[in-house]
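Peer 1: Here it is, the structure, as structure tokens.
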Amino acid sequence: MGDTLTVLGLESSCDDTAAAVVRHTTGEMPEILASTVYGQTELHAAFGGVVPEIAARAHAEKLDVSVKQAMAAAGLGFDAIDAIAVTAGPGLIGGVLSGVMCAKGLSAALGKPLIGVNHLAGHALTPRLTDQTAYPYLMLLVSGGHCQFLLAHGPEEFTRLGGTIDDAPGEAFDKTARLLGLPQPGGPSVEQAAKSGDPKRWRLPRPLLDRPGCDMSFSGLKTAILRARDEVVAAKGGLTEQDRSDLAAGFQAAVTDVLAEKTRRALQLYLAENPATPTIAVAGGVAANQAIRSQLQEVCAEFGVAFTAPPLALCTDNAAMIAYAGMERFRAGHSDDMTLAARPRWPLDKKAPALLGSGKKGAKA
């Protein structure tokens with residue numbers, strides 16, 4: 001294995017079909033040579049959420065196109081690729097299987113090593129891709145299907161400090177958007193509506209803040225929004241735009257408060273490890289929410305801890321993070337063969353007890 005590696009990555013765990021080419025020379029910053037993403041928002045718009053069968057079919061149709069475009073954008077032939085990395089879980093099994101089978105075909109045809117990557121590890125290692133953040137760092141993975149605090153000790157060594165026991169924040173944003181009649185995806189819609197809303201109009205709960213630890217819950221908050229909406233509809237016969245904005249602002253503020261307080265607790269546990277360069281990293285689609293990101297930055301300032309978050313394009317699902325995570329596995333001497341299986345569940349911390357529940361976009365752990 002040389003000092004420079006070039007890896008082709010594939011991602012298809014939910015509703016984004018992606019391929020990317022990443023190159024890294026030891027001692028230098030990684031370089032994303034190409035990254036393509038095909039979203040499926042229009043395919044699922046009429047259903048109010050991701051339909052697994054539709055998603056799997058779209059992945060099967062777009063994976064080879066994504067690979068072709070990524071290779072062309074990188075200006076490389078397949079002979080320049082050192083390995084094929086692919087999301088092997090967790091996620092919607094049909095989509096994951098589509099990606100794994102495509103990667104196996106490429107590996108067999110090209111004679112290139114195959115590397116199965118945990119989708120959560122892809123997000124968790126994104127700070128290494130963008131900033132070469134030194135281990136150990138505290139990772140808040142907050143997305144449509146996942147929400148966990150992780151201590152990242154190495155490319156395959158993670159300690160989970162806490163996570164959501166029901167809905168992930170991104171899923172709660174989507175459900176709240178549906179309750180308020182806002183378009184999908186719900187995260188950007190709720191954030192936009194909240195900008196002109198009054199977050200204090202309703203007294204919404206901050207679940208699990210009265211209990212110790214870093215676990216979170218967002219299902220009850222979603223139910224509180226439902227009840228508040230129904231009260232307004234019963235009183236007025238419908239929702240005004242201001243009602244929607246106020247409900248959206250209240251929901252976003254509640255999620256932000258929960259994440260901020262749980263981050264404080266996670267930071268206390270992390271700092272007890274005496275890291276040389278204490279850093280908290282945030283990744284996942286919800287990390288794109290500016291209100292949440294701003295509050296987390298303030299928490300980090302309280303503790304004197306560095307804050308890092310990927311560019312918005314790398315917050316959501318992408319293949320560049322998979323290529324890089326696969327690269328770190330490959331450098332550590334790991335690869336897979338044709339027995340690599342698609343996995344709907346795949347915890348990063350194998351010693352931690354399983355989190356309760358599973359989101360529509362994948363298992364929590």
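Peer 1: Name, by its number, the condition in (1) open to solvent by 30 Å² or more (accessible area, probe 1.4 Å); (2) in contact with a strand residue (DSSP E or B) (Cβ under 7 Å, 6 or more places away or on another chain); (3) not in a loop (DSSP other than H, G, I, E, B) that does not hold for Gly213.
Peer 2: With (1) open to solvent by 30 Å² or more (accessible area, probe 1.4 Å); (2) in contact with a strand residue (DSSP E or B) (Cβ under 7 Å, 6 or more places away or on another chain); (3) not in a loop (DSSP other than H, G, I, E, B) applied to Gly213, the lone miss is (3).
Peer 1: With the requirement that a residue be farther than 16 Å from Lys222 by Cβ and either open to solvent by 20 Å² or more (accessible area, probe 1.4 Å) or hydroxyl-bearing (Ser, Thr, Tyr) (or both), what does the range 152-184 give you?
Peer 2: Matches in the range 152-184: His153, Pro155, Glu156, Glu157, Thr159, Arg160, Leu161, Pro183.
Peer 1: If you check Val65 against the conditions, is it out of contact with any helix residue (DSSP H, G or I) (no Cβ under 8 Å at 6 or more places or on another chain) and of a type in the set (Val, Ile, Thr)?
Peer 2: yes
Peer 1: Then there's this: Consider the range 37-51. How many of its residues are over 25 Å from Ala70 (Cβ atoms) and surrounded by 15 or more Cβ atoms within 10 Å (Cβ to Cβ)? Reasoning before the result, please.
Peer 2: At the first step, the residues of the range 37-51 found to be over 25 Å from Ala70 (Cβ atoms) are 45-49, 51.
Imposing the further condition that a residue be surrounded by 15 or more Cβ atoms within 10 Å (Cβ to Cβ) reduces the set to 49, 51.
Final tally of qualifying residues: 2.
Peer 1: Residue by residue through the range 266-310, note down the ones that are touching a strand residue (DSSP E or B) at 6+ places or on another chain (Cβ under 7 Å), part of a helix (DSSP H, G or I) and in contact (Cβ under 8 Å) with a residue 40 or more places away in the chain.
Peer 2: Ala266, Leu267, Leu269, Tyr270, Val286, Ala287, Leu296
Peer 1: Let me ask another. When you check Gly27 against the structure, is it of a type in the set (Gly, Ala, Ser), open to solvent by 20 Å² or more (accessible area, probe 1.4 Å) and touching an Asp or Glu at 6+ places or on another chain (Cβ under 9 Å), yes or no? So that I can check it myself, show each step before the final result.
Peer 2: On the way: of a type in the set (Gly, Ala, Ser): yes; open to solvent by 20 Å² or more (accessible area, probe 1.4 Å): yes; touching an Asp or Glu at 6+ places or on another chain (Cβ under 9 Å): yes.
Considered against the rule, which asks whether it is of a type in the set (Gly, Ala, Ser), open to solvent by 20 Å² or more (accessible area, probe 1.4 Å) and touching an Asp or Glu at 6+ places or on another chain (Cβ under 9 Å), Gly27 comes out as yes.
Peer 1: Filter the range 272-318 for residues that are of a type in the set (Asp, Glu) and open to solvent by less than 60 Å² (accessible area, probe 1.4 Å) and give the result.
Peer 2: Scanning the range 272-318 gives a single hit, Asp317.
Peer 1: Spot the failing condition for Gln132; the list is (1) of a type in the set (S, T, N, Q); (2) at pLDDT below 95; (3) open to solvent by less than 40 Å² (accessible area, probe 1.4 Å), and only one is missed.
Peer 2: (3)
Peer 1: If a residue must be among the basic types (Lys, Arg) and buried (at least 22 other Cβ atoms within 10 Å of the Cβ), how many such residues does the range 243-270 contain?
Peer 2: 2
Peer 1: Could you tell me which of the residues His153, His119, His146 is free of Cβ contacts under 8 Å to residues at least 60 places away in the same chain and in contact with a strand residue (DSSP E or B) (Cβ under 9 Å, 6 or more places away or on another chain)?
Peer 2: One residue alone meets the criteria, His153.
Peer 1: Next question, about the same structure. I'd like the residue in the range 319-343 that is surrounded by 16 or more Cβ atoms within 10 Å (Cβ to Cβ) and part of a loop (DSSP other than H, G, I, E, B) and, out of all such residues, is nearest to the chain's Cα centre (by Cα).
Peer 2: Ala319
Peer 1: Looking at this structure, is Asp79 more than 17 Å from Asp15 (Cβ to Cβ), acidic (Asp, Glu) and in contact (Cβ under 8 Å) with a residue 60 or more places away in the chain?
Peer 2: no
Peer 1: In addition: If you check every pair at least six apart or on different chains, which have Cβ atoms under 7 Å apart with a residue in the range 235-251 that is touching a residue at least 40 places away in the same chain (Cβ under 8 Å) and in a helix (DSSP H, G or I) first and a residue that is open to solvent by 20 Å² or more (accessible area, probe 1.4 Å) and among the basic types (Lys, Arg) second?
Peer 2: Sorted first by the residue in the range 235-251, then by its partner, the pairs are Asp246/Arg201; Leu247/Arg229; Gly250/Arg201.
Peer 1: Hey, another quick one. Those residues that are touching a Lys or Arg at 6+ places or on another chain (Cβ under 9 Å) and outside any helix (DSSP H, G or I), I need them from the range 113-133; list them, please.
Peer 2: Within the range 113-133, the subset touching a Lys or Arg at 6+ places or on another chain (Cβ under 9 Å) is 114-118, 121.
Result: Leu114, Ile115, Gly116, Val117, Asn118.
The values are calculated or read from the model by the stated rules, or taken from the named source; none is laboratory data. Source: prediction; values computed, not measured. Note: ideal-geometry Cβ built from the backbone for every residue, glycine included; neighbour counts use all protein chains shown. Remember, those area values only see protein heavy atoms, side chains included, never the ligands or the DNA or RNA. Shrake-Rupley method; radii C 1.70, N 1.55, O 1.52, S 1.80 Å.
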